[in-house]
Amino acid sequence: MKDKIKQLEEAFEKFSNKVGRLQGEYSTLRIQQETSGTIIEKLKHQEEVYTKAVQLLTLVQQITRDKVKQGFEDIVSHALNYIFESDKYSFELDFNTRGNLQTLDFKVRTPDKDEPLDLIDTSGGGVINIVSFALRVVLMELTQPKTEGFIIADETFANLSEDRIERASQFLKEINQKMNRQVIAISHQNKMLDSADKLIEVK
């Protein structure tokens with residue numbers, strides 16, 4: 001009888017030890033679970049913050065891009081309409097993606113076409129001359145920090161018809177007055193000289 005009691009006591013002690021170990025393992029697992037839950041909650045919060053940050057940056061980028069786009073389009077369109085004495089011209093920047101690359105296409109809408117044309121396809125009448133010059137002006141005005149200094153127009157409007165040269169000259173005068181920039185124009189065309197404040201003849 002004593003042996004059976006002793007055996008029962010030993011078995012109970014082993015069982016108690018096993019229960020103690022299991023309780024210890026349970027406590028460890030519970031702590032790990034609580035810690036993991038806390039970490040998961042933090043990660044979820046961080047993910048939410050990062051997602052909102054990306055959305056905000058995307059929005060800011062879009063707004064900034066739209067403002068820059070509008071600035072380019074307005075000034076270049078004004079140059080075209082001023083020189084051609086029309087309100088039917090417009091310059092458009094077209095943002096696209098090709099694969100992972102961002103692309104930017106220059107398009108011009110003219111009175112004789114229903115759809116805007118790629119700038120390269122509008123070579124007649126000096127359109128490219130006007131757009132190229134106006135883009136230079138825009139870059140100087142909109143870049144940060146702003147590019148200071150004068151503008152050199154070296155035979156800038158060489159491909160314009162003679163009846164548009166005077167308007168081009170007046171446009172240079174407008175840039176001088178509205179943007180407070182000195183414009184140095186080099187030209188063989190006498191009508192380009194009509195709006196000049198000072199003439200220097202080189203022979």
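The values are calculated or read from the model by the stated rules, or taken from the named source; none is laboratory data. Quick caveat: nothing in here was measured; it's all calculated off a predicted structure. Cβ coordinates were reconstructed from backbone atoms using ideal geometry, including for glycine residues, and neighbour counts include every protein chain displayed.
Check the stretch 80-96 and report whether any residue there is in a helix (DSSP H, G or I), modelled with pLDDT under 90 and either of a type in the set (A, V, I, L, M, F, W, C) or surrounded by 12 or more Cβ atoms within 10 Å (Cβ to Cβ) (or both). Checked against the condition, which is being in a helix (DSSP H, G or I), modelled with pLDDT under 90 and either of a type in the set (A, V, I, L, M, F, W, C) or surrounded by 12 or more Cβ atoms within 10 Å (Cβ to Cβ) (or both), the stretch 80-96 yields no hits at all.
Every listed requirement among (1) outside any helix (DSSP H, G or I); (2) at pLDDT below 85; (3) within 20 Å of Gln189 (Cα to Cα) is met by Ile152 save one, (2). For the stretch 97-143, the set of residues classified as surrounded by 14 or more Cβ atoms within 10 Å (Cβ to Cβ) and of a type in the set (Val, Ile, Thr) consists of Val108, Thr110, Thr122, Val127, Ile128, Ile130, Val131, Val137, Val138, listed by residue number.
Only one of the numbered conditions (1) within 20 Å of Lys69 (Cβ to Cβ); (2) outside any loop (DSSP other than H, G, I, E, B) is not met by Thr147, and that is (2). Annotation note: Cβ proximity below 7 Å between a residue of the stretch 140-159 that is on the phi > 0 side of the Ramachandran plot and a residue that is surrounded by 15 or more Cβ atoms within 10 Å (Cβ to Cβ) (sequence gap 6+ or interchain) occurs for Glu155/Ser187. In this entry, Ala185 is excluded by the filter for residues that are in a loop (DSSP other than H, G, I, E, B), over 28 Å from the mean Cα position of the chain (by Cα) and farther than 19 Å from Asn81 by Cβ. Looking only at the stretch 83-105, decide whether some residue is free of Cβ contacts under 8 Å to residues at least 12 places away in the same chain and over 21 Å from the mean Cα position of the chain (by Cα). Yes; the residues of the stretch 83-105 include at least one that is free of Cβ contacts under 8 Å to residues at least 12 places away in the same chain and over 21 Å from the mean Cα position of the chain (by Cα).
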